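Asker: Pasting in a structure now, in structure tokens, and then I'll have a few things to ask.
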Amino acid sequence: MDSRRPEAPDSDSVPRPAQSWLPAVYCRVCGRSDWAALSPEADPQKLETSPLRIWQAAIGRDKRRLRYFISATQAEARDVLAALTDAGPR
């Protein structure tokens, strides 16, 4: 081993990145796709990311708690920002 070359850190010393595997959703109107999560009734700001719970809600009584996250296009984002800042459309 070359003493001038630093050793790689042990695999247990580096935190693993958080990963979530969420159900995919597709919009038939705009043709875009992204992902879905479940909004709990107790705290709507904290999303439930368990795929099984999300899928169960989609076919059960909790459909109203599903949240679909589809990215806006650049034009849509620009229009919303303009409307929120009273800049008007460009």
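Any read-out appearing in this document is the output of simple, stated calculations on the displayed coordinates, not a laboratory observation. No experiment lies behind these values; they were computed from the predicted model shown. Methodologically, a virtual Cβ is constructed for each residue, glycine included, from the backbone with ideal geometry; neighbour enumeration extends over all protein chains shown.
Asker: Count, please, the residues in the range 23-49 that happen to be out of contact with any helix residue (DSSP H, G or I) (no Cβ under 9 Å at 6 or more places or on another chain) and more than 22 Å from Ala72 (Cα to Cα).
Answerer: 2
Asker: What are the pairs, 6+ residues apart or on separate chains, where a residue within the range 38-65 that is over 15 Å from Val25 (Cα atoms) and touching a residue at least 24 places away in the same chain (Cβ under 8 Å) has its Cβ under 8 Å from a residue that is surrounded by fewer than 16 Cβ atoms within 10 Å (Cβ to Cβ) and of a type in the set (Val, Ile, Thr)?
Answerer: Short answer, once both residue conditions are applied: none.
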